[in-house]
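**Student:** Take a look at this one; I'll ask things after.
Each reported figure results from applying straightforward, stated rules to the coordinates on display, with no laboratory input. Because the structure is predicted, anything quoted here is derived from the model rather than measured. Heads up, the Cβs are rebuilt from the backbone with ideal geometry, glycines too, and the neighbour counts pull from every protein chain shown.
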Amino acid sequence: MKILAFAGSTSSTSINRELVKFVLKDFQDEEINLIDLNDFTMPVFSVDLEKKGFPDEAHNFLKVIEKCDVIICSLAEHNRSYSSAFKNVFDWSSRINVKVFQNKPMFLMSTSPGGYGGGNVMNTAKTFFPQFAADIKDTFSLPKFYENFDLESGVINPDMLQELKDKIENFKKEIKTND
């Protein structure tokens with residue numbers, strides 16, 4: 001199985017990237033492509049620029065989705081929404097192919113330093129992504145990242161760790177059922 005994984009952030013210290021990397025430890029036997037949104041930097045989307053053509057990076061983003069079997073991502077929340085970097089990649093890509101996520105099974109996550117754990121962006125994505133052909137199988141939100149996560153150990157809150165492990169196992173069952 002080919003897994004595409006990414007954080008919806010371009011920060012070099014992204015906590016969402018750390019969450020993704022932690023979850024990927026449960027998929028060590030799989031082929032993993034952990035991408036960095038910094039590799040898909042493009043001009044800010046506008047209709048005027050679109051008339052001149054699409055950036056190669058937008059095509060490349062769609063190609064990495066095309067080549068995967070499943071998607072694991074964790075979205076950063078900026079002012080209760082997607083990061084501008086992710087939104088820009090998404091905007092350009094959706095103009096090429098409205099089915100950005102190409103019906104790939106997805107494990108969707110978010111985390112933040114606050115108590116809502118990126119819940120606003122998570123709720124938006126749960127509603128919005130299926131309209132762009134995301135097959136969201138499960139979701140997980142980790143609140144208070146700096147209290148509940150250790151860079152060496154991962155999720156350290158026992159209840160949250162169990163919830164995450166259960167969701168990972170359910171996700172694995174879901175994607176095996178779809179084979």
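**Student:** Relative contact order (percent) for the chain, with alpha-carbon contacts under 8 angstrom and 6 or more residues of separation?
**Tutor:** Dividing the mean separation by the residue count of the chain yields 21 percent.
**Student:** Which three extents, in whole angstrom, do the alpha-carbon atoms of the range 2-177 cover along their principal axes, largest first?
**Tutor:** Dimensions of the range 2-177 along the principal axes of its Cα atoms: 52, 36, 27 Å.
**Student:** Find how many whole Å separate the alpha carbon centroid of the range 52-69 from the alpha carbon centroid of the range 103-124.
**Tutor:** Taking the Cα centre of the range 52-69 as reference, the centre of the range 103-124 is 23 Å away.
**Student:** Next question, about the same structure. How large is the Kirkwood hydrodynamic radius of the range 32-114, in angstrom, based on all distinct alpha carbon pairs?
**Tutor:** 13.7
**Student:** With the convex hull built on the Cα atoms of the range 78-168, state its orientation-averaged projected area in nm².
**Tutor:** Quarter of the Cα hull surface area: 6.3 nm².
**Student:** Further question on the same structure: Placing +1 on the Cβ of each Lys and Arg and -1 on the Cβ of each Asp and Glu in the range 2-177, which of GLY114, PHE171, ILE136 has its Cα farthest towards the positive end of the resulting dipole?
**Tutor:** Projecting each Cα onto the dipole axis, the largest value belongs to ILE136.
**Student:** If you don't mind, there's one more thing I want to ask. What's the extension gain from LEU34 to SER11 if we count 0.36 nm per residue and subtract their Cα-Cα distance?
**Tutor:** Length gained between LEU34 and SER11: 6.8 nm.
**Student:** OK, next. Do the alpha carbons of any pairs in LYS51/LYS137; LYS52/LYS87; LYS25/LYS172 sit beyond 24 Å of each other, and which pairs?
**Tutor:** LYS51/LYS137
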